[in-house]
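I have placed the structure first, in the form of structure tokens, so that the comments after it can refer back to it.
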Amino acid sequence: MEQTRRLITELPGPKARALMERQDAAVARGVSTLMPTFAVRAQDGILEDVDGNQLIDLGAGIAVTSVGASAPKVVEAVQRQVAEFTHTCFMVTPYEGYVAVAEKLAEITPVSGPVRTALFNSGAEAVENAVKIARAYTGKQAVAAFDHAYHGRTTLTMALTAKSMPYKHSFGPFAPEIYRVPGSYPYRDQLDGHTAAARAIAQLETQIRAENLAAVIMEPIQGEGGFIVPAPGFLKDIVQWCNANDVVFIADEIQTGFARTGRWFASEYEDVQPDIITTAKGIAGGMPLSAVTGRAEIMDAAHPGGLGGTYGGNPVACAAALAAIETIEEGRLDQEALRIEKLVLAHLEEIQRQDPRIGEIRGRGAMLAFELVDPQTQAPDAALTSAVASAARQAGVIALTCGTYGNVVRLLPPLTISDELLEEGLTVITDALTAA
């Protein structure tokens, strides 16, 4: 595909409007969409819609198509596997692809000692099963998550997720024995990492107690909560407390994994080794796959038959995962993420010097964001954020928002995007900010 932004109709165009009418008639109202159009093709930094418009992709399907939406190795691997067989259910008749993915995850994940993996379909499934495993291993029930966390949309993972609308509102009651403690949000709480960790640990000890606590789960960079990077030392102190108190530490790397932050996993920046890591999104180049990877003694605590699912570790998805990981390795896409970071930060920091509504720029690698605020009070400005993102989308740039307060613009481009497209997309977004 030509890597050029091109609008030949307004958004939505006539074909997109017709599809919207069909969507309204056939798709449940709760499944909402952001872009005012429908995709037909995508490659690297460009997505083409049904009306022939070409849009700059700064979302990558929410950090899924990190290797590109049609990476050649992934396409070839999927086509080859589909021609051989599409499904047997690994629990019935196993196949090599599942084993090969587990072996590769043991090689690249920062977990010490012998490692085991179980494969599933979605990030929420991975989180649910990580909790099951931690409870089986420890014989305890309580699980702690942090303010601003996002861990999924199932009953258990909604309980772990902090934000009510749109994720939890009207869907309760939720799973019991889930507790929430304050995390580290340096821009808002102004605490260093050790002080923030001590505050969280005090609540863990007084509100739950270690003898009741099976696991602590945390995103090394909080995604939906606002791309919040904890202050240095916070994550390490929490992990050390867990290790000293026989509490399983689960790193939710579903959005941060597979070179998105410039390393295989964001935990590596903090020099910690989780007991369990949950992964999904960028693992398989767009195919549905997730994984729970952890220390063998913990992973093996679940009894035979206690883990699984009909589609978990589907052979086509496993083939895609092996090809996606190979693409990351051969293309050195971790370095591409750092290239993206350098370009984005230079652009945003220049704009920030002129515009105090950008309260903070944060993130790592190709997982970056800026928080929009009232420059006088630093209060979150969700209305401005929504206006900026909407204007960018109308101009042909796929722009996403996030944050507990709805005031963060997040950037998750494919790691294969060109400098030129990335700079153009950023210019569209920051021009929208200036216009607003």
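The values are calculated or read from the model by the stated rules, or taken from the named source; none is laboratory data. Model, not experiment: these values are computed from the prediction. With ideal geometry, Cβ positions are generated from the backbone for all residues, glycine too; neighbour counts draw on all protein chains shown.
A few comments on the model shown:
- SER164 modelled with pLDDT under 95 and hydroxyl-bearing (Ser, Thr, Tyr): yes
- Filter pass, THR327 being closer than 25 Å to ARG80 by Cα, crowded, with 21+ Cβ neighbours inside 10 Å, polar (S, T, N, Q) and at pLDDT 95 or above: yes
Matching residues to (1) in contact with a helix residue (DSSP H, G or I) (Cβ under 9 Å, 6 or more places away or on another chain); (2) buried (at least 20 other Cβ atoms within 10 Å of the Cβ); (3) modelled with pLDDT of 95 or more; (4) on the phi > 0 side of the Ramachandran plot:
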site	(1), (2), (3), (4)
ALA391	yes, no, yes, no
ILE398	yes, yes, yes, no
THR404	no, yes, yes, no
LEU411	yes, yes, yes, no
PRO414	yes, yes, yes, no
ILE417	yes, yes, yes, no
GLU420	no, no, yes, no
LEU426	yes, yes, yes, no
ALA436	yes, no, no, no
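- Residue that is farthest from ALA280 (Cα to Cα), among those in segment 47-63 that are crowded, with 24+ Cβ neighbours inside 10 Å and touching a residue at least 60 places away in the same chain (Cβ under 8 Å): LEU55
- Take the conditions (1) touching a helix residue (DSSP H, G or I) at 6+ places or on another chain (Cβ under 8 Å); (2) assigned to a helix (DSSP H, G or I); ALA337 misses just one of them, which is (1).
- Selection count, segment 153-184, where residues are surrounded by fewer than 24 Cβ atoms within 10 Å (Cβ to Cβ) and within 27 Å of MET299 (Cα to Cα): 15
- Among the residues of segment 23-41, not a single one is crowded, with 18+ Cβ neighbours inside 10 Å, of a type in the set (Val, Ile, Thr), over 24 Å from GLU420 (Cβ atoms) and in contact with a helix residue (DSSP H, G or I) (Cβ under 8 Å, 6 or more places away or on another chain).
- From the list THR261, THR293, THR279, THR310, the one residue that fits, being touching a Cys at 6+ places or on another chain (Cβ under 7 Å) and either at pLDDT 95 or above or in the same structural domain as GLY139 (by TED's automatic domain parsing) (or both), is THR310.
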